[in-house]
Amino acid sequence: LTQKFDLLEKDIAKTQGAIENLGKLMGIPTPVRIESFDNSNIMGTSPVSAMVVFENGKPNKKEYRKYKIKTVEGPDDYASMREVLTRRFRHGIEEREKLDMEEKDYKLGSFSNFPDILMMDGGKGQVNIALEVLDSLNLHIPVCGMVKDDNHRTRGLYYNNEEIPIAKNSEGFRLITRMQDETHRFAIE
């Protein structure tokens, strides 16, 4: 019984502690829903983008989405990200409008659930693209980028035009690394 409680405490520290740590780093309330985006292609062809969702610090695989890039020719990460984020949030806005009109037999869709944090698997450039898209749709969602070192591993967050270093032994850092790995895995799948 003691071992079971120890495991539960570790799981709480790993998930709840991690999202609380992330919220404190960014100076925002503890996030519940975090969406992470990454682009992938096969040597410049067949571009896709992946959306991975973490809720309460854990992956929610039912909410994952993969987008085929429709309007971009060649490997253009910024244009692909602009397309995908625009499609994702326009769809969410449309769902919310249908709910506001109280259409009968309309079910709440996953797109109408907006994230508390939007994580980009890239730095300043992708963050700025996301902010432009959100601004054009009149949405206010915190956006941060996962800054990588020379070995393509997370070393910090880019948020509000500055890089925020994260202690590598913190639960928040481990959560960001799990999200980055999961988003990358799902994008290249």
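The values are calculated or read from the model by the stated rules, or taken from the named source; none is laboratory data. All values reported here derive from a predicted model rather than from experimental measurement. Counting neighbours? That spans all protein chains shown, and the Cβs are built from the backbone with ideal geometry, glycine included. Protein only, heavy atoms only, side chains kept; ligands, DNA and RNA dropped before computing areas. Shrake-Rupley method; radii C 1.70, N 1.55, O 1.52, S 1.80 Å.
State the number of residues belonging to the stretch 149-176 that are open to solvent by 40 Å² or more (accessible area, probe 1.4 Å) and either among the polar types (S, T, N, Q) or outside any helix (DSSP H, G or I) (or both).
Summing the residues that are open to solvent by 40 Å² or more (accessible area, probe 1.4 Å) and either among the polar types (S, T, N, Q) or outside any helix (DSSP H, G or I) (or both) in the stretch 149-176 gives 14.
Name, by its number, the condition in (1) at pLDDT 80 or above; (2) of a type outside the set (Phe, Trp, Tyr); (3) surrounded by fewer than 19 Cβ atoms within 10 Å (Cβ to Cβ) that does not hold for Ile34.
Tallying (1) at pLDDT 80 or above; (2) of a type outside the set (Phe, Trp, Tyr); (3) surrounded by fewer than 19 Cβ atoms within 10 Å (Cβ to Cβ), Ile34 fails exactly one: (3).
Taking into account only those residues within the stretch 111-146 that are surrounded by fewer than 15 Cβ atoms within 10 Å (Cβ to Cβ) and of a type in the set (Gly, Ala, Ser), which is modelled with the lowest pLDDT?
Filtering the stretch 111-146 for residues that are surrounded by fewer than 15 Cβ atoms within 10 Å (Cβ to Cβ) and of a type in the set (Gly, Ala, Ser), the one modelled with the lowest pLDDT comes out as Gly125.
Can you tell me which residue is modelled with the highest pLDDT among those in the stretch 44-73 that are open to solvent by less than 30 Å² (accessible area, probe 1.4 Å) and out of contact with any strand residue (DSSP E or B) (no Cβ under 7 Å at 6 or more places or on another chain)?
Looking at residues that are open to solvent by less than 30 Å² (accessible area, probe 1.4 Å) and out of contact with any strand residue (DSSP E or B) (no Cβ under 7 Å at 6 or more places or on another chain), I get Gly57.
Could you run through the stretch 147-181 and say how many residues are out of contact with any helix residue (DSSP H, G or I) (no Cβ under 6 Å at 6 or more places or on another chain) and of a type in the set (Ser, Thr, Tyr)?
1
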